[in-house]
Amino acid sequence: MERTLAIIKPDAVGAGNVGNILSRLQKEGFRIVHMKWIHLNQAQAEGFYQVHRMRPFFSSLVKFMTEGPVVVLALEKENAIADLRKVMGATDPAKAEPGTLRRDYAASIERNAIHGSDSAQSADYEIAYFFSTIELSGRSG
Ligand code: CMP
């Protein structure tokens, strides 16, 4: 079993697509291990995306990620990291396969509905970024 971190982004939350996305993830076999609803502040969004801090889109990305609440999920499944990226589709929804979450719910390369960890190392870091020791040491682990 493997874990990954997903974020349903402010565009998808604002458009009322949380239920559709959760339902799709569960149909694909992901188990929700931890979940929270949070409106990130600037420092929290900058911290999460620190690997992108030198990119030209960084300040716009932070502004987008703080415009409204997000839903943060720790998901579990065999091959969770690769499988979530497959279900999400390409970063740019124009290039995402039909039937993927980004093709169905995203509007642009920035406002792309959902984030998923890109490696086991990122997944560990990102899960620990959002979920506390008390959450991660409860009975769901
Ligand atoms: P995500 O998978 O969360 O990782 C980084 C995010 O930066 C990405 O999704 C998009 O929201 C955003 N992003 C990536 N590339 C671009 C780009 N070329 N222009 C604007 N935003 C981008």
Share of segment 1-82's accessible area from carbon and sulfur, percent, 1.4 Å?
51
Residues whose placed amide H lies under 5 Å from that of GLU2, excluding near-sequence neighbours
LYS77, GLU78, ASN79, ALA80
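What trypsin sites (Lys or Arg not before Pro) in segment 20-106 are in a loop by DSSP, with at most 13 other Cβ atoms within 10 Å of the Cβ?
Here the sparse-neighbourhood loop sites are ARG53.
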Rounded to the nearest 500, what is the chain's calculated 222 nm mean residue ellipticity when only DSSP H runs of at least 4 contribute -39500 (n - 2.57) each, over all residues?
-11000 deg cm²/dmol
What residues qualify as long-range amide H neighbours of VAL33, i.e. H under 5 Å apart, gap of 5 or more or another chain, H built at 1.01 Å from N?
ALA74, LEU75, GLU76
Whole-Hz Karplus couplings 3J(HN,Hα) for segment 19-31, θ = phi - 60° and coefficients 6.51, -1.76, 1.60, Gly and Pro as x, run x, 4, 6, 4, 4, 4, 5, 5, 4, 7, x, 7, 9
Please give me, ordered by residue number, the GluC sites (Glu not before Pro) of segment 42-99 that lie in loop per DSSP and have at most 11 other Cβ atoms within 10 Å.
GLU78
Per residue value of the accessible surface for segment 2-137 (all protein chains in place, 1.4 Å probe), Å²
52
Along Cα→Cβ, 7 Å out, is where each label goes; now give me the distance between the ones at GLN44 and THR133 in nm to one decimal.
2.1
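The values are calculated or read from the model by the stated rules, or taken from the named source; none is laboratory data. Quick caveat: nothing in here was measured; it's all calculated off a predicted structure. With ideal geometry, Cβ positions are generated from the backbone for all residues, glycine too; neighbour counts draw on all protein chains shown. Surface accessibility is based on the protein's heavy atoms, side chains included, excluding ligands, DNA and RNA. Shrake-Rupley method; radii C 1.70, N 1.55, O 1.52, S 1.80 Å.
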